[in-house]
1. With every protein chain left in place, what is the accessible area per residue of segment 245-385 in square angstrom, probe 1.4 Å?
2. Over 28 Å between C-alpha atoms is what I'm after, so list which of K250/K313; K27/K320; K27/K250; K30/K250; K250/K404; K30/K244 land there.
3. Amide H of Y373 versus every other amide H placed in the peptide plane: which residues, excluding those fewer than 5 positions away on the same chain, fall under 5 Å?
4. Just to confirm a number: summing +1 for Lys and Arg and -1 for Asp and Glu over residues other than R425 whose beta-carbon lies under 12 angstrom from that of R425, what do you get?
5. Output the Kirkwood hydrodynamic radius of segment 259-349, Cα pairs only, in Å rounded to one decimal.
6. With a sphere of radius 12 Å drawn around the Cβ of F34, what net charge do the other residues whose Cβ falls strictly inside it have (Lys, Arg +1; Asp, Glu -1)?
7. Once amide H atoms are placed 1.01 Å from N in the peptide plane, what residues at a sequence separation of 5 or more from S423, or on another chain, have their amide H within under 5 Å of its amide H?
8. Over segment 55-197, what number does the Rg to Rh ratio reach, with both radii from the alpha-carbon atoms and Rh per Kirkwood?
Amino acid sequence: MADVNEFREDVIPIKPNPVLEKCIVFKVYKRRWFILFVLCLLNCSNSILWLTFAPVADHSAQFMGVTLDQINWLSMIYMVVAIPLSFGTTWMLDTLGLRITLVLGSWLNMLGAVLRFVGIMRNLPSAANFPVVMGGQTLCALAQPLVIFTPTKLAALWFPEHQRATANMIASMSNPLGILIASIFSPMIVGTTNNIPLLLFIYAVPAAITCLLATVGIRDSAPPTPPSASAESSNSEPFLEGIKLLLRNKAYMILLLCFGSGIAVFTCFSTLLEQIMCVRGYTNDFAGLCGGLFIVFGIVGAGFLGLYVDKTKKFTEVTKVNMSLSALACIAFSVVSQMRNQGIAVAVACSLFGFFGFSIYPVAMELSVECSYPVGEATSAGLIFISGQIQSVIYILLLQGLTKPMAYSPFSTCSVGGDAALSWRVPVLVMAGLFSVFTCCFVIFFHTKYRRLDAEAQAGGKKPTLATCDSTRHHTDNTGR
């Protein structure tokens, strides 16, 4: 019997070639746009569910037989739940990946929307309406960190360097687009308190569609071939080590506190706008219009800023200028919103506040990644969101505590039952003051290098030319070495 070794060819060991190891081909995939589309739908749906009741707070309170403070908690539960859950979400995104996070978020969002609708059905005892609705709202709140941390991660993993800021802008601005939809359509749909069930049913439909698309359509967390040099090391730092690095990063901590304060002010504005304006005789429809202008101009501004920053990479300059102009717009709103018959001035102030304020959110998220690289994108952006949520709870409770009952309010359009209308003059001035203080601190003290861009430039400079790669591959194929 012949020895099997007689039929074996000599095996030539192939040594690692350091030149070929650097010949990395970066590639982009068309399906990145589908994942971005699903994320936009999910982000938009979640923000609609968050702000469902705020534009019609008085009608919602009357329908469910609760107080305005309890209705405010339907929005605040998002912030309360997000604070402890966000740490787990950042770990999940950087460890388990994009797909698992998005699919889980879409299911929580859908189940919460359905439970909210079930909670206001007539066959339930009236005492159970609010607790069941709050339960559904809590499930939606659990989905928010899974969704809102994702834009920076998606942009880093699936998009090339010259499209990252634009992709982040598109995904991030889908959140205020949902706020816009809720601000405009909630007052239109409700009209009278009997239309609250119709409102919750309509808002549950896109949540179900998005859940189906995410579950069936998203197959991978990352592309087979990365689109950029930084995408190869997107998870280079372990989660806990990344937290330690961020806490020792002075520039990041300044951004964390100052921009977190900006997020808190925008949250207060969106949550309390109807209550602030109805006292001065402005209707729910007009408050919804102002909220809509706030978002529309924010989306327009974000579109311009995203394209500008993608070309110039001036993250710091853009953020400082826009935060300063946002503070001025916030001061203007705090003054004109307390005057009667100033609809045009109020609308202009809301538009400018949105154009300069909301538009910097995606830029600031990219800036957080640039100043903290190589910490994972979900971790660096996520902690800023957590800071914003913590400060949002503090600000809303503070502003509510500063309100005072008005002994005489003949022009009020608020539906508050037998309770007296509340004066928001002092709270809105305090809100503007806090925003101005943190903006000044950011402009004066924030300075940073763009670490991710520097790392990509160094990686690009060390890569061999295409001719060298082709020559090395040809030599390896011919020699086997």
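1. Numbers: 4190 Å² over 141 residues.
For segment 245-385, the solvent-accessible area averages 30 Å² per residue.
2. As for pairs spanning more than 28 Å Cα to Cα, those are K27/K320; K27/K250; K30/K250; K250/K404; K30/K244.
3. It is R451, R452, by chain and number.
4. Details: positive: R280, K404; negative: none.
Local net charge: +2.
5. Working: mean 1/r = 0.0700 Å⁻¹.
With all distinct Cα pairs of segment 259-349 included, I get 14.3 Å.
6. Summing Lys and Arg as +1 and Asp and Glu as -1 gives +3.
7. K404, M406
8. On the way: Rg = 17.3 Å, Rh = 16.7 Å.
Ratio of gyration radius to Kirkwood radius for segment 55-197: 1.04.
The values are calculated or read from the model by the stated rules, or taken from the named source; none is laboratory data. These numbers come from a predicted model, not from an experiment. In this analysis, Cβ positions are derived from the backbone assuming ideal geometry, glycine residues included, and neighbour counts consider all displayed protein chains. What goes into the accessible areas is simple: the full protein's heavy atoms, side chains included, and nothing from ligands, DNA or RNA. Shrake-Rupley method; radii C 1.70, N 1.55, O 1.52, S 1.80 Å.
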